[in-house]
1. If you average the sequence gap of Cα pairs under 8 Å that are 6 or more apart and divide by the length of the chain, what percent do you get for the contact order?
2. Could you pull out every residue, at least 5 positions away or on a different chain, whose amide H is within less than 5 Å of the one on Y412? Hs are placed 1.01 Å off N in the peptide plane, and Pro or chain starts have none.
3. Place a label point 7 angstrom from the Cα of T81 along the Cα-to-Cβ direction, then list the residues of the stretch 18-56 whose backbone nitrogen is under 18 Å away.
4. Share of the stretch 143-213's accessible area from carbon and sulfur, percent, 1.4 Å?
5. Can you list the residues of the stretch 31-61 with backbone N under 17 Å from a point 7 Å past the Cα of S192, pointing along Cα to Cβ?
6. Could you look at the stretch 1-124 and say what percent of its accessible area is carbon and sulfur, using a 1.4 Å probe and all protein chains?
7. What whole-number value in cubic angstrom gives the convex hull volume per residue for the C-alpha atoms of the stretch 1-133?
8. Would you kindly state how much longer the chain becomes between F349 and L264 on full extension, computed as 0.36 nm times their sequence separation minus their alpha carbon distance, in nm to one decimal?
Amino acid sequence: MLQKDVVLIYPYFLTRDADHILFPPLGIAGLTSQLQEAAVDAAIYDCTFKNFETALREIVSLKPKIVGIYIMATMSHNAITLQIKLKELIPEAVFIAGGPLASVYPAKYLRHFDAVFCGEADVHFPRFCSDYLRSKLTLTDFLALVPNSEEGYPGLATIKAGTVQQSPPIHLSTAILNSLPLPDRRQADHHSYQKFWLNKNGTKTTALMTSYGCPHDCNFCSRPIFGRSFRPRSLEKIIEEIHVIRELGYDYLWLADDCFTQNLDFVAAFCQRLHLENLDIKWSCLSRVDSLTPGIVQMMAGAGCAKAYLGLESGDNATLKLMNKHTLVEDGVRAVQLFQDAGIKTAGFFIVGYPGESQTSIDRTLKWALELSMDEISINVPYPLPGSKLYNQVKMLDEADWDKENEIKFIYHSEFDSKKLAAQIAVAMSKFKQSKG
Ligand code: B12
């Protein structure tokens with residue numbers, strides 16, 4: 001393998017972790033294109049289809065000067081183990097962490113990494129790598145010249161004189177986001193990803209972002225990277241990216257936006273354009289249940305939307321209020337009907353055991369989840385992600401760890417009995433499966 005200046009690692013191992021949904025990582029693909037545009041030789045190392053030992057050997061063979069590791073919930077242990085082993089094998093390399101979990105716990109990851117980039121790392125992380133590599137300085141000497149302010153590298157956290165120093169992260173403007181090169185999708189193992197999806201549901205699915213951020217403030221949600229400022233991408237860029245995706249052989253898009261139906265003018269423009277381009281591609285998206293119109297849902301169907309994932313959360317208006325969801329049960333009923341009428345499949349997310357809700361509210365939610373006749377449902381207990389209001393509201397268990405997948409188990413001190421709730425959820429899920437034949 002050729003030597004690389006920067007290697008960006010996605011520390012997810014299909015062989016070691018539970019199998020569910022897989023996509024080539026988009027964040028590090030974007031950063032890689034930006035590094036390449038800045039004439040920095042960069043590679044993506046996606047561990048998904050590798051085993052740990054092969055990954056270590058192949059990364060070391062690239063002799064990177066900078067190793068960047070993405071960290072989100074469930075990947076913390078893998079990321080730290082990789083960093084420790086790689087540091088033994090390539091001690092001269094600089095190790096940098098980024099991504100959603102690293103962004104909320106920079107001090108924790110600075111115990112292992114030389115630096116953490118918090119929040120949106122576009123533009124500033126590639127600039128940091130390029131400046132550092134060109135400087136020929138040691139990292140300590142280079143960092144000594146960097147101010148801890150927006151004039152330095154927004155989002156950069158390091159340890160200086162024994163204390164954590166950080167430049168506050170910033171949200172990039174729509175104009176800047178639209179000026180970025182498309183993510184480098186060429187390096188992904190498309191054969192393995194497509195084989196996985198064909199076996200799973202007969203499609204060849206990959207992820208695409210059409211917008212960033214969500215202005216809503218649901219208490220259980222954390223928005224560690226893109227925050228509350230909704231920024232749609234330019235349609236030109238989106239369509240160009242879908243052409244690339246089609247050329248790579250994919251036929252189905254998972255729109256990974258925080259909330260795709262946030263701005264209905266944008267949704268309408270996207271659907272019109274997709275329809276005109278005749279790209280012959282189906283897609284799914286995540287939608288809120290309020291403010292939809294029959295017209296927009298029909299346009300989505302006409303443009304290839306095959307499934308909408310709806311954040312229904314609770315069948316009880318008082319609980320929706322506790323969640324600060326700003327929707328009503330009636331909005332949910334209407335939204336499910338609109339999608340069903342348009343021939344779009346529906347999947348619903350429900351939460352039971354929310355702090356402060358009653359047993360009657362839980363029973364109502366479980367009953368409602370079955371009554372809606374959706375195509376897929378997912379029911380879980382709250383999962384307070386760091387950065388969410390819920391996280392600050394509850395007392396986390398000492399053993400709560402972000403490596404565990406979201407199983408039906410409280411990771412905080414709850415007033416509900418998790419075994420009883422898990423049994424209730426199991427009954428509801430089994431009735432749901434029976435209803436689907
Ligand atoms: C697609 C997606 C998935 C996919 C796969 C992830 C993937 N391949 O990217 C699937 C559906 C499998 C998934 C599953 C889960 N997900 Co998810 N997912 C997303 C989603 C919707 C989009 C990710 C994406 O592509 N973003 C677009 C790119 C451009 O952003 P990015 O990856 O964050 O990259 C930017 C920065 O983070 C940074 N950066 C990224 N990598 C690096 C590396 C370095 C070195 C540096 C310096 C910077 C850096 O720079 C990038 C550009 O600004 C996000 C929400 C979101 N809007 O981002 C949630 C999100 C990442 N998921 C989340 C969660 C909780 C989960 C689950 C645990 C859910 C569950 N309960 O089961 C699972 C576990 C996954 C697993 N594999 O173990 C949380 C993570 C929270 C946290 N604090 O870690 C998020 C943020 C959603 C949320 N609001 O809570 N997810």
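The values are calculated or read from the model by the stated rules, or taken from the named source; none is laboratory data. This one's a predicted model, so the numbers in the text were calculated from it and none came from an experiment. Cβ coordinates were reconstructed from backbone atoms using ideal geometry, including for glycine residues, and neighbour counts include every protein chain displayed. Each accessible area value is taken on the protein alone, full model and side chains, heavy atoms only, with ligands, DNA and RNA left out. Shrake-Rupley method; radii C 1.70, N 1.55, O 1.52, S 1.80 Å.
1. Taking the mean separation of contacting Cα pairs over the length of the chain, I get 12 percent.
2. L397
3. In the stretch 18-56, the label zone of T81 (backbone N under 18 Å from the point 7 Å along Cα→Cβ) covers 18-20, 46-56.
4. Working: 1890 of 3430 Å².
Carbon and sulfur atoms account for 55 percent of the accessible area of the stretch 143-213.
5. 43-61
6. Carbon and sulfur atoms account for 57 percent of the accessible area of the stretch 1-124.
7. Values: hull volume 13.0 nm³, N = 133.
Taking only Cα atoms, the stretch 1-133 has a hull volume of 98 Å³ per residue.
8. 28.4 nm
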